[in-house]
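The values are calculated or read from the model by the stated rules, or taken from the named source; none is laboratory data. Keep in mind it's a predicted model, so treat the numbers as computed, not measured. Heads up, the Cβs are rebuilt from the backbone with ideal geometry, glycines too, and the neighbour counts pull from every protein chain shown. For the accessible areas, the whole protein counts, side chains as well, though only heavy atoms, and no ligand, DNA or RNA atoms are used. Shrake-Rupley method; radii C 1.70, N 1.55, O 1.52, S 1.80 Å.
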Amino acid sequence: MTKKDYYNILGVDKNASPDEIKRAYRKLARKYHPDVNQDDKGAEAKFKEINAAFEVLGNQQKKAQYDQFGHAAFQQGARGGGGFQGFRGSGGFSSFEDIFSSSGFDDIFSAFTGMRGEETQRRSAPGADLRYDITITLEEAYTGITKKIQVPRFEKCSACNGTGAKSGTAKKTCDKCNGSGKVRQVRRSFLGQIVTVGICDKCRGKGTIIETPCPECNGTGRVKKTRTLDIKIPAGVDNDSHLRMAGEGEAGMNGASSGDLYIVIHIKPHDIFERYESDLYCKTTIGIAQATLGDEIEIPTIKGKAKLKIPAGTQSHTVFKLRNQGMPDVHGRGKGDQFVRIVIEIPKTMTKRQRQLMEEYAVETKQKATVGKGFFDKMKEYF
Ligand SMILES: [Zn+2]
Ligand SMILES: [Zn+2]
């Protein structure tokens, strides 16, 4: 798409004086200003175009460049970093501020943009989300549990039902804006008469005013309350899970929707079990004889106890799996497993009799040549 000629846009010829250019610009800007042509997209585009043209033609240096190179003078990168770097692209509103900051245009401009900002603000102010941290045990996570928690929060004022007006009194339609929340103002500026629409300052855009504020909530429609809530923690929750309780956050202002309450669940470290996803891990020690000869031992589970068969000849750090003895899946899809690591404990002290038996065993298995000699004796014999 080729850009329109800036002189054509402003309707002036190439030899027009700075004053003529300025006059032409003002006349067009007045005609196409967005405040005068609300909801007219065509006018807005035209307004931008006019500004882009004036940004260049209203500036001696830029005009000279434009006269010499045309639009190419202002295309970024088009001239490979010659003398034209640093020019903003044409068409921004920002150019006004440079050119007319002392002329009163700023005021109109800020009224125009400021109104849009407030418009979105006043639509509604939903209540804030709240976060509550709770710590439970692994056993509680296994079974699932209902906990009572106390949440201090803003709630809808019951005395005025959130309206902010004292009960029995009604909100009154704002007499300044007749309930529209907006006021029109006609101003004079260098562009001539400009009609601006702003937020009504009397009702702050609500369209209604409270004559007698509710004494309970001072007219805000909300009161601070500490509420006791039952929270259902599902079986199988993991550490740092979040539960969202929709609408249990703070009440919104002026009857707007409430925020949500987020429960963050922490699980206390367990004395016996470590958890990885749905599986539980624990460690248990057995004696040399149990490992060698085999045994059936009792081991802890998250629900209580279970029997575990130790086969003869079990090596230290063997891991046994107890199927379905882990944590339930939080979505109800079965259970994890429990893994038991067997650690064989070497006795540190022995009775005389135990020592005698062990020595006999040592001789029998040729781990030791004679009974009753210490380690150094054995070493001597070896060499
Ligand atoms: Zn109230
Ligand atoms: Zn008003």
Amide H neighbours of residue 322 under 5 Å, at least 5 residues apart or on other chains, H built in the peptide plane: list them. 338, 339, 340
Which entries of 3/48; 172/225; 31/176; 41/206 show an alpha-carbon separation above 22 angstrom in the structure shown? 172/225; 31/176; 41/206
Pseudo-spin-label distance residue 190 to residue 306, built 7 Å along Cα→Cβ, given in nm, is 8.5
Could you pull out the GluC sites (Glu not before Pro) across region 274-346 that fall in loop regions by DSSP (anything but H, G, I, E, B) with no more than 11 other Cβ atoms inside 10 Å? 277
Place a point 7 Å from Cα of residue 5 in the direction of its Cβ. Which residues in region 13-33 have their backbone N less than 12 Å from it? 13-15
Mind listing the Cα extents of region 195-243 along all three principal axes, in Å, largest one first? 62, 34, 12
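Could you calculate the contour length gain from residue 23 to residue 68, that is, 0.36 nm times the residue separation minus the distance between their Cα atoms, to one decimal place in nm?
Additional length available on full extension: 13.9 nm.
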Förster radius 25 Å - calculated FRET efficiency between residue 367 and residue 285 (Cβ-Cβ, nearest 0.05): 0.65
Quick one: if the Förster radius is 51 Å, what FRET efficiency do residue 211 and residue 14 give, using the C-beta to C-beta distance and rounding to 0.05? 0.20
As a test of the definition: which semi-axes, in Å, follow for region 130-267 when you take the square root of five times each eigenvalue of its alpha carbon gyration tensor? Largest first, please. 46, 20, 9
Mind putting together the pair-distance distribution for region 269-313? All Cα pairs, 10 Å bins, whole percent per bin, short to long. 24, 46, 27, 4
With r defined as the distance between the Cβ atoms of residue 317 and residue 225 and R0 fixed at 45 Å, what FRET efficiency is calculated, to the nearest 0.05? 0.20
Segment residue 128-residue 253, length gained on full extension (0.36 nm per residue, minus Cα span): 44.0 nm
Inter-label distance for residue 243 and residue 350, nm, one decimal - labels placed 7 Å from Cα along Cα-to-Cβ: 5.5
Of all accessible surface on region 274-345 at a 1.4 Å probe, what whole percent is carbon and sulfur? 47
